[in-house]
Amino acid sequence: MTDELSVLGLECYGYHGVFEHEKREGQTFVVDLTLGVDTSSAAASDDLHDTVDYGSLAMSVKAAVEHDPVDLIETLAQRIADVCLLDSRVEWARVTVHKPDAPIDATFRDVALTITRDARADRD
């Protein structure tokens, strides 16, 4: 059985986008993570070493967003998923990247992309 561990609303500042002003001025990106993890060992031991350290994960994801600009949020979402899947206990990762300040000439609340990646596909 797989449990779900989520970190929601992680605010990061990055320089991603297809327009030069996005790469120059930057903008806020908000990231939601949900990971498939078996938490039974951690529940039994009550030891952080037996589970995914979501604090450390959040800092790693934040660093991934804040470095090396890319054009597309698709590329950024994949980069974040790759970070999540570095921990061998993570069976799958669902990543949503929100770009609330996307350069759209219309009134809107958010632009978001969600991807799901299976760790087994990478390990086979």
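Rule-based calculations on the coordinates, nothing more; no lab input. Model, not experiment: these values are computed from the prediction. Cβ atoms come from the backbone with ideal geometry, glycine included; neighbour counts cover every protein chain shown.
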So for R0 = 22 Å, FRET eff. of Asp71-Thr107 from the Cβ-Cβ r, to 0.05, ends up at 0.35
If you take the charge dipole of the chain about its Cα centre, with +1 on Lys and Arg Cβ and -1 on Asp and Glu Cβ, which of Thr96, Ile73, Ser41 is farthest toward its positive end? Ile73
Determine, for Tyr13, Tyr54, the number of other Cβ atoms within 10 Å of each Cβ, and report the residues in order from fewest to most. Tyr13, Tyr54
Please work out the Kirkwood hydrodynamic radius for the chain, using every pair of different C-alpha atoms, and report it in angstroms with one decimal place. 15.2 Å
Sorted by Cβ density within 10 Å, fewest first, the residues Ile104, Ile73: Ile104, Ile73
Crossing angle, helix 54-66 versus the chain [Cα axis fit, 0-90 degrees, rounded to tens]: 30 degrees
Roughly what angle does helix 73-84 make with the longest principal axis of the chain, taking Cα atoms, 0 to 90 degrees, to the nearest 10? 20 degrees
Under 13 Å, Cβ to Cβ, from Val18 - net charge with Lys/Arg +1 and Asp/Glu -1: -1
Give me the dipole magnitude in Debye, nearest 20, for segment 1-121 about the Cα centre, with unit charges on the beta carbon: positive for Lys and Arg, negative for Asp and Glu. 240 debye
Can you give me the Cα centroid spacing of segment 1-52 and segment 95-124 in angstrom? 12 Å
State, to one decimal in nm, how far the label point of Ala43 lies from the label point of Tyr13, with both points 7 Å from Cα in the Cβ direction. 4.0 nm
Local charge sum around Arg89 (other residues, Cβ-Cβ under 9 Å, Lys/Arg +1, Asp/Glu -1)? -4
